1. Sort through PHE311, PHE323 and tell me the only one that's within 19 Å of the chain's Cα centre (by Cα) and either under 30 Å from ASN176 (Cβ atoms) or more than 16 Å from the ligand (Cβ to nearest atom) (or both).
2. In the range 88-109, which residues are of a type in the set (Gly, Ala, Ser) and in a helix (DSSP H, G or I)?
3. Need at least 2 residues that are crowded, with 16+ Cβ neighbours inside 10 Å per element, so show me which helices (runs of 4 or more DSSP H) inside the range 1-64 make the cut, counting only ones lying wholly within it.
4. Name every residue in the range 365-386 that is modelled with pLDDT of 95 or more and of a type outside the set (S, T, N, Q), in order of residue number.
5. Checking the conditions here, which among ILE177, ILE235 is of a type in the set (A, V, I, L, M) and within 16 Å of the ligand (Cβ to nearest atom)?
6. Given (1) assigned to a helix (DSSP H, G or I); (2) touching a strand residue (DSSP E or B) at 6+ places or on another chain (Cβ under 8 Å); (3) open to solvent by less than 30 Å² (accessible area, probe 1.4 Å), identify the lone condition not met by TRP255.
7. Could you run through the range 372-398 and say how many residues are open to solvent by 80 Å² or more (accessible area, probe 1.4 Å) and either touching an Asp or Glu at 6+ places or on another chain (Cβ under 8 Å) or under 20 Å from GLU329 (Cα atoms) (or both)?
8. Look at the range 352-390 and say how many of its residues are out of contact with any helix residue (DSSP H, G or I) (no Cβ under 9 Å at 6 or more places or on another chain) and closer than 21 Å to GLY339 by Cβ.
Amino acid sequence: MRVSVEELLRAHGRPPREVYFDNENSGYVPREVVEEMIPYFNSIGYGHPSITHKPGWEAYEVLYKTKDLLTKVLNAEGLGEFAFVHSGTEANNLAVLGHALANKGRGGKIVVSAIEHLSVIYPAEEAERLFGFRVVRVPVDSEGFVDPEVLKEFVDGSTSLVSIQMVNHEIGTVQNIFELSKVVKEVNPRAVFHTDAADAFGKIPIDLKKLEHVDMVTLSSHKIHGPRGVGVLFIREGVRVEPVLKGQLSYEKLWPGVENVPLIAGFRKAVELAYRDFDLNVAKMREARDLLVRGILEKVSDVLVNGPSDFSMRSPDNANLSFLYVEGEALTVELSINGVYVSSGSACTSRILEPSHVLLAIGRKHEEAHGSILFKTSRYHTREDIEYTLEVLPKAVDRLRGISTIKK
Ligand SMILES: Cc1ncc(COP(=O)(O)O)c(C=O)c1O
């Protein structure tokens with residue numbers, strides 16, 4: 001039986017405050033971003049960007065201005081192309097399957113880390129099934145790091161593509177992408193290096209001139225308070241990628257179908273806001289995250305920190321904690337009743353009660369992975385939000401531990 005949100009609110013009452021930490025799965029879109037999008041639905045730029053009339057030209061202008069801004073913030077002048085798709089998932093599919101399509105006669109190895117987002121792992125497996133590539137998974141250490149020396153052992157002359165994310169979406173591990181991509185090119189200069197930066201963009205600086213060995217980069221709009229429905233793949237000049245979807249040629253050569261112009265206008269505004277005060281924005285997420293983690297570790301017993309223990313090696317917004325003797329799913333519900341919104345296990349698979357492949361890869365036991373909660377702070381969190389969470393959370397954990405069948 002379905003229960004409406006209104007019915008749930010009637011049953012439990014309205015919480016005194018609402019604090020949203022599920023910024024991994026999607027998040028708050030600020031008013032400036034929404035206002036930027038509205039005219040593009042019916043006043044300007046509502047035409048197709050490939051067609052030669054005024055509404056089309058206006059739409060086209062949104063696309064190239066967004067690409068210009070990305071070129072600036074990522075220091076990518078003269079390096080290659082940005083392709084618009086409709087999500088980070090599509091960008092990863094284009095990188096992996098698009099590469100496989102362009103190189104399908106050659107076969108070879110696709111090397112991924114064991115903790116990649118499933119939108120990298122599944123297309124890699126599809127490339128294996130459809131085109132005879134061989135997928136190899138590089139293990140990570142207990143904090144999620146890929147050791148360049150270990151990666152080196154997995155790369156050889158037959159390696160076609162390596163995909164290692166810049167920041168892990170669940171445990172926040174920041175990889176040394178410069179070193180990892182350099183090692184790959186030392187062994188095989190022809191291997192293509194892709195990094196999924198969906199969770200790094202807007203949180204750690206990315207300079208594509210410095211990352212000279214990186215060939216493809218994935219971005220996603222809703223990870224930086226932009227609207228859902230916009231993804232981007234950067235492709236360095238000379239790297240061969242073929243469209244995965246087939247259809248009428250649009251402005252975007254690599255992804256047929258008309259572009260989400262209003263949403264791309266919103267994405268551009270979100271990039272502008274994220275980069276206008278980049279250091280300040282990052283400092284705000286870090287401060288909220290640190291306050292939250294410190295408070296939880298002081299107030300709640302039997303908590304494991306998943307991911308890097310050195311917080312300078314972790315994305316500034318990320319806290320992933322396992323509350324032992326508690327089911328993560330039950331805790332998300334208990335917290336939600338109190339207005340605190342988080343996700344459990346693997347954020348992107350939390351509707352499936354399977355332990356996260358990321359947590360298992362760093363050596364967490366099933367029960368530890370099941371009790372994990374992912375918090376992602378943002379520049380919009382206030383001290384009061386964190387204090388409220390620190391009031392509500394210990395009580396929720398205590399209550400659930402009191403009725404839990406999982407005992408010490
Ligand atoms: C690292 C990473 N890559 C890819 C994605 C998929 O992006 P999207 O939600 O835009 O499809 C996510 C999702 O949240 C992510 O965290």
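1. Working: PHE323 fails: within 19 Å of the chain's Cα centre (by Cα).
Going through PHE311, PHE323 in turn, the sole match is PHE311.
2. Taking the range 88-109 first, the residues of a type in the set (Gly, Ala, Ser) are 88, 91, 95, 98, 100, 102, 105, 107-108.
Within the range 88-109, GLY88, ALA91, ALA95, GLY98, ALA100, ALA102 qualify.
3. 31-37
4. Within the range 365-386, ILE373, LEU374, PHE375, LYS376, ARG379, TYR380, HIS381, ARG383, GLU384, ASP385, ILE386 qualify.
5. Numbers: ILE235 fails: within 16 Å of the ligand (Cβ to nearest atom).
That would be ILE177, the only listed residue that is of a type in the set (A, V, I, L, M) and within 16 Å of the ligand (Cβ to nearest atom).
6. Going through (1) assigned to a helix (DSSP H, G or I); (2) touching a strand residue (DSSP E or B) at 6+ places or on another chain (Cβ under 8 Å); (3) open to solvent by less than 30 Å² (accessible area, probe 1.4 Å) one by one, TRP255 breaks only (1).
7. Narrowing the range 372-398 to residues open to solvent by 80 Å² or more (accessible area, probe 1.4 Å): 380, 383-384, 387, 391, 395, 398.
Filter again for either touching an Asp or Glu at 6+ places or on another chain (Cβ under 8 Å) or under 20 Å from GLU329 (Cα atoms) (or both), leaving 391, 395, 398.
Adding up the residues that qualify gives 3.
8. Here the count works out to 2.
The values are calculated or read from the model by the stated rules, or taken from the named source; none is laboratory data. All values derive from a computational prediction rather than experimental measurement. Positions of Cβ are generated from backbone atoms using ideal geometry, with glycine treated the same way; all protein chains shown enter the neighbour counts. In case anyone asks, the SASA skips ligands and DNA or RNA and just uses the protein heavy atoms, side chains included. Shrake-Rupley method; radii C 1.70, N 1.55, O 1.52, S 1.80 Å.
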